[in-house]
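Working notes for the structure below.
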Amino acid sequence: MTAPSRGGEFAGVTCTAPAERSDRMRDIVVAHVPADRPVRLLDVGCGTGSLLFRLADALPRASLVGIDLSRANIDAARSGHRRGASAVRVQLEVADYMAFAAPPFDAIVADGVLHLVPGDTGALARKLAADLRPGGVLVCDMPYESAYNAAFGIARRFLRRVRTTWMDRAILQIGRMFHGHQMSDEGLRERVRYMYMPPTRLLGARLLREFEAAGLRRSIDYPVKSTSLSQLRHCVTVFTRTGAGA
């Protein structure tokens, strides 16, 4: 049975990553992906292209594919970057990752996406492994198992059940109070919906077992500084595709 998609929640909306976050992810990816030879890279949930086009500039010999559930995101990425010198090496596509098919990549990046993909974690792990060539790397930013994240998962499930337009406005106003000096009002509005999205999975022992069984070996973790009390605690983890697994 095919896992349900979250396409309906993201259709028609945009999500633009803050520049500082995209810069950090770019630097981590470049530390693990060679810039001196041709590579193929996939950005899962590329949003409006904030990370994807930074990687295109940093990896001048790479061919890059960005996919996202939201056509609005893909349209914004195409519009904002079509004139850049690196744009000729970038392909953008509206797609649900679990239904996406392509030859294996040398690298896959996922910034704040994998914890929201619905369905079985083992199926996701096998899909990621199949989409990487042996020796390829997966660089993902996702929330990890902790009491803080567990509590926020419960809170988000509750908010999801009782969501109202009044609550949307209240969350937006709180965001303005704490982050109005850092983010535009448009960016804050983009993030309201995430307060109603509990994580499907967290980085922890169970996920690591599933990834290892699929042939994705954990290589290194990078801590991520939290920028908000309402944000799940994240880290960036690099996995290497071994020759084993399903």
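The values are calculated or read from the model by the stated rules, or taken from the named source; none is laboratory data. None of these values were measured; they are calculated from a predicted model. Cβ coordinates were reconstructed from backbone atoms using ideal geometry, including for glycine residues, and neighbour counts include every protein chain displayed.
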Only one of (1) under 15 Å from the mean Cα position of the chain (by Cα); (2) crowded, with 22+ Cβ neighbours inside 10 Å; (3) not polar (S, T, N, Q); (4) not in a strand (DSSP E or B) does not apply to residue 56, and that is (1)
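Of 28, 67, which residue is of a type in the set (A, V, I, L, M) and in a strand (DSSP E or B)? It would help to see each step written out before you state the result.
Working: 28 fails: in a strand (DSSP E or B).
The unique qualifying residue is 67.
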Counted residues in region 126-173 being part of a helix (DSSP H, G or I), of a type in the set (Phe, Trp, Tyr) and touching a Lys or Arg at 6+ places or on another chain (Cβ under 9 Å) come to 2
Note down all Cβ pairs under 7 Å where the first residue falls in region 167-192 and is among the hydrophobic types (A, V, I, L, M, F, W, C), the second is at pLDDT below 70 and loosely packed, with under 15 Cβ neighbours inside 10 Å, and they're at least six residues apart or on different chains.
178/228
Is it the case that region 72-92 has a residue that's part of a loop (DSSP other than H, G, I, E, B), at pLDDT 95 or above and touching a strand residue (DSSP E or B) at 6+ places or on another chain (Cβ under 8 Å)?
no
Out of all the residues in region 223-239, is one or more surrounded by fewer than 17 Cβ atoms within 10 Å (Cβ to Cβ), more than 17 Å from residue 149 (Cα to Cα) and either modelled with pLDDT of 95 or more or not assigned by TED's automatic domain parsing to the domain that holds residue 31 (or both)?
no
Take the conditions touching a strand residue (DSSP E or B) at 6+ places or on another chain (Cβ under 7 Å), hydrophobic (A, V, I, L, M, F, W, C) and either at pLDDT 90 or above or not assigned by TED's automatic domain parsing to the domain that holds residue 105 (or both) and apply them to residue 172. Does it pass?
no
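Only one of these is without any contact (Cβ under 8 Å) to a residue 12 or more places away in the chain, assigned by TED's automatic domain parsing to the domain that holds residue 214 and of a type outside the set (Ser, Thr, Tyr): 87, 101. Name it.
Numbers: 87 fails: without any contact (Cβ under 8 Å) to a residue 12 or more places away in the chain.
Answer to the check: 101.
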Just name the residue that is modelled with the lowest pLDDT out of those in region 1-10 that are surrounded by fewer than 14 Cβ atoms within 10 Å (Cβ to Cβ) and part of a loop (DSSP other than H, G, I, E, B).
1
